[in-house]
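J.: Questions regarding the structure given below will be posed in turn.
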Amino acid sequence: MQLVKLHRTVGVKVGHVQVGGGAPIVVQSMTMTDTADAQATAQQCIELAAAGSELVRVTVNLPEAAAGVPEIRQRMVDAGCMAPLVGDFHYNGHLLLTKYPDCARALDKYRINPGNVGTGRRRDEQFSTICKVAVDNGKPVRIGVNGGSLNQELVVAKMQENTDRDLGKSSEDIINECMVLSALESTALAIESGLRKDQIIISCKTSRPRDLIGVYRALAKQTDQPLHLGLTEAGMGTKGLVWSSAAMGVLLNEGIGDTIRVSLTLPNPRKHEEVEVGHRIIDDVAHGRFISVPDFGTGLNIISCPSCSRVENESFVELAAQVREMTRDAQAHHITIAVMGCRVNGPGETDDADLGLWCGPSTVTLKRKSVKVGSFSYAQVLPRLRAELDQLIAARIHETSAAS
Ligand code: SF4
């Protein structure tokens, strides 16, 4: 398989998790609870981390929220959850971080939106104050530019330049250009304020895939800071999934992006699905990225056919879902399981998989590495599949440790 060209970035440590610098792509998520409610927020952080979120972010918008952060951190630690905790600051971040030093210490990273820290000279001063708190506490920051909250002075100046010099740029082009410019200027200001390059992550989120791809390609050409990918408003249902996958898949496939957050419109109890989608985008779409990295993360790839009129037993769809559920806890080393709906194409379609299943009228055939293991009833096949999977994982671990 051909290796994709990587966008080489500086490594930034967020708590114990490295972002960039050749590390595996990190999936992160954000809580929806009121941060002032430390119990509920800690609980959601723990649930998101359990779903695979390697960083969790909380909004720190009010004094009550800042006051609650140390308790959130403590509750997470008490529950054995060591996921790094990130604080999201807007408008009053410079005040909250200086007035609540325990909050500044408890967080592992501060997210600053340069369009929301103030205006004019105050913006730079307040931005710089947050950076200095980060320096004093040895924390990294994310400079998170959003299309919707872009520094309006910059946008107006660029619009004027477009008119005066008859450059013919669309307003979308100008906004995208301003986002990149704002991120780079803010990075320079953060460094001037005392932060090192290995303490700065950048994001420039847009709400449309095409814009996101253009903005991040431009960023990748101009900076070696690690990049956080995400659409600001991917939306609901299939649209949110498709937009997130289309935008981030293209970028990750080009080696652009060190950490991702999928933002879907979901109710609180389903926030963990964003994390699952993030992992799927990385595993399925950007799998090639990790080929040159020796200690890549673990991953199980389950593929299943869409089904058609050749399906002879309607339990097929349920079986595919059960395979996913049953293997959720498996720390598989890039093992692929294929689940196919019929005896006609199933045998051929499962040839490339490590473990393959195809469905007949009353039995399911299981094969391992192209060799038939046997045919089992729908009830018996799952435990047998799990046993074969566990053996394969054990063999992979043995091979890896023998080679190192
Ligand atoms: S594997 Fe069989 S059931 Fe599935 S889509 Fe192909 S032909 Fe249809």
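J.: Would you mind telling me which residue in Val364, Val60, Val14 has the biggest mean-square fluctuation in a Gaussian network model of the chain, where springs connect alpha carbons within a distance under 10 angstrom?
T.: Highest fluctuation among the options: Val364.
J.: Can you compute the helix-only [θ] at 222 nm over the chain? Use -39500 (n - 2.57) per DSSP H run of at least 4 residues, normalise by all residues, nearest 500 deg cm²/dmol.
T.: Value at 222 nm, helices only, nearest 500: -13500 deg cm²/dmol.
J.: I'd like to verify something in the chain: which complete DSSP H helices, judged by Cα projection on the helix axis, reach 30 Å or more and average at least -0.5 on the Kyte-Doolittle scale?
T.: 171-192, 381-403
J.: Hey, got a sec? Which trypsin sites (Lys or Arg not before Pro) in region 1-70 land in a DSSP loop and have at most 15 other Cβ atoms within 10 Å?
T.: Within region 1-70, the qualifying trypsin sites (Lys or Arg not before Pro) (loop, at most 15 other Cβ atoms within 10 Å) are Lys5, Arg8.
J.: Restrict the search to region 338-381; then list the trypsin sites (Lys or Arg not before Pro) that DSSP places in a loop and that have at most 13 other Cβ atoms within 10 Å of their Cβ.
T.: For trypsin sites (Lys or Arg not before Pro) across region 338-381 that sit outside H, G, I, E and B with at most 13 neighbouring Cβ atoms in 10 Å, the list reads Lys369.
J.: Moving to a separate point now. What ³J(HN,Hα) values, in whole Hz, does the Karplus curve 6.51 cos²θ - 1.76 cosθ + 1.60 give for region 358-369 when θ = phi - 60°, with x put for Gly and Pro?
T.: 9, 9, x, x, 10, 10, 10, 9, 10, 9, 10, 6
J.: Shifting gears a bit: What is the Å³ per residue value for the convex hull set by the Cα atoms of the chain?
T.: Looking at the chain, the number lands at 159 Å³ per residue.
J.: About its Cα centre, how strong a charge dipole does the chain have in debye, to the nearest 20, once Lys and Arg get +1 and Asp and Glu get -1 at the Cβ?
T.: With Lys and Arg at +1 and Asp and Glu at -1, about 400 debye.
J.: Just Val77, Val180, Val117 to compare: in a GNM of the chain, with alpha carbon springs under 10 Å, which one fluctuates most?
T.: Val77
J.: Could you run the Karplus curve 6.51 cos²θ - 1.76 cosθ + 1.60 with θ = phi - 60° over region 90-98 and give me ³J(HN,Hα) per residue in whole Hz, x for Gly and Pro?
T.: Along region 90-98, the couplings run 9, 6, 10, x, 4, 6, 5, 6, 8 Hz.
J.: Right, here's the next one. Rounded if a/c is under 1.5, else prolate if a/b beats b/c, else oblate: with a ≥ b ≥ c from the C-alpha gyration tensor eigenvalues square-rooted, which is region 299-403?
T.: prolate
J.: Can you pull out the trypsin sites (Lys or Arg not before Pro) in region 198-235 whose DSSP state is coil and whose Cβ has at most 12 other Cβ atoms within 10 Å?
T.: none
Each value in this text was obtained by applying a stated rule to the coordinates, not by laboratory testing. Please read these numbers as outputs of a predicted model, since none were measured by experiment. Counting neighbours? That spans all protein chains shown, and the Cβs are built from the backbone with ideal geometry, glycine included.
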